[in-house]
Structure formats: C-alpha cells, structure tokens
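Here the structure comes first, spelled out in structure tokens, and everything after it is commentary.
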Amino acid sequence: MEKLVDEGKAKSIGVSNFNAAQVARILKVARVKPVLNQVECHAYFQQRKLERVLLKDNIRLMAYGPIGSPGSTAALTVPGESPPPVLLADPVIAKLATKYQKTPAQILIRNLLQRELIVIPKSVTPSRIRENGNVFDFELSPEDTAVIENIDTDQRMFKYHIMVHAPDFPFNIPV
C-alpha cells in the first residue's frame, strides 16, 4: 500500500478492524501512516476508547454498521447465541426519532456525525439510501447525545465468529 502512495496511485492508506495494539504496532513500522481505521461503531458499540487512541495519532475513525445491521440478523447470529438486538427498535432511539421527527436510522447516523466520525451506512433500498443522507437539517442536543451515550452496551453486532482462530484475531481485545 505504501508503494501505491509513493507511485501516486493512492493518496492515503486506511486500515480496517484494527484494535489499539494493532494500530500502535503498525505506526512503529509504517512509512505512510494510515489516515483512518474503519471499525464497527454504533450506539451499542460506541468505540469511544479506540476513538481517543486514534485521535492522539490523528487517525480518523470510520464507522461501519452505524444503524446495526437489520438486514443481516441471520448472518450475524453466532450458533448457540441469541440474535443481536435490533438497534433501530431501541426505545431510546425511537423516542428521539419522534422528538426530532426523524427515523431511528437518521438519529443514529446524526449522532455519529456529531462526534465527527466518518459514517458509512449500508442499505440496498433507494428510499432508505436517500433517507440516510437526509441528516444535515437537524442537530441533536447535548442532552440527547448523552442519552445515546448511555445506551452503550459494548456489544458488537459483527462477531466474525468464523475467523476466531485467525492469527492476530483483534475482536477479543477490548480496545
């Protein structure tokens, strides 16, 4: 990847699913520092500790799964475990959606944007794609962002259980 930057074929490098230890390790050897780390981040898994670690090195956090992953419940369910909760159905988020006259997805996306994170919601439905982008005409109050901060359960939706035996599996390390 560094060679691609050297050749002008890429402007910058990003990493994905790196925990704090992996970021520290790459910073020790990289000539070209990554500019972002794309990780799962949503109201139930807010990644605030990792965000603080990244900010110290001027690395941005890019949030995937910002509304959970409502269309992937079967794929995300670990055999023998209950399915992950549906973040879009959370009563706190629903109450805020009513208050702001927005959808739960818009509340969740706006919350992450106000944290100055890069947010990449996924949808295959054109109307929801448009809806997910309609988050710049309102702002959550500090009190409401604090309410959302308090529903953090430190719970991943994406368990990557099929990769648990991979070398350097990062998902069992808390930050």
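Key figures for this structure:
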item	result
Under-5 Å amide H pairs with residue 36, H placed in peptide plane, nonlocal only	15, 60
Cβ-derived FRET efficiency at R0 41 Å, residue 150 paired with residue 4, nearest 0.05	0.45
Three semi-axes of the equivalent ellipsoid, the chain, Cα gyration tensor, whole Å, largest first	29, 20, 16
Max mean-square fluctuation residue, GNM over the chain, Cα-Cα springs under 10 Å, options 14, 133, 68	133
Per-pair calculated FRET efficiency, R0 = 22 Å: residue 114 and residue 35 via Cβ, rounded to 0.05	0.60
Inter-site label distance for residue 60 and residue 136 at 7 Å from Cα along Cβ, in nm	1.4
Residue among 90, 154, 137 with the largest mean-square fluctuation in a Gaussian network model of the chain, springs linking Cα atoms under 10 Å	137
Inter-label distance, nm, simple model (7 Å from Cα along the C-beta direction), residue 124/residue 48	3.6
Normalised contact order of the stretch 1-114, rounded percent, pairs of Cα under 8 Å and 6 or more residues apart	19
Separation in nanometres of the label points that stand 7 Å from Cα toward Cβ, at residue 26 and residue 92	3.0
Separation of alpha-carbon centers, the stretch 18-43 and the stretch 74-140, rounded to whole Å	25
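Throughout, read-outs are computed from the coordinates displayed, never taken from laboratory work. Everything quoted here is computed from the prediction, not taken from an experiment. Note: ideal-geometry Cβ built from the backbone for every residue, glycine included; neighbour counts use all protein chains shown.
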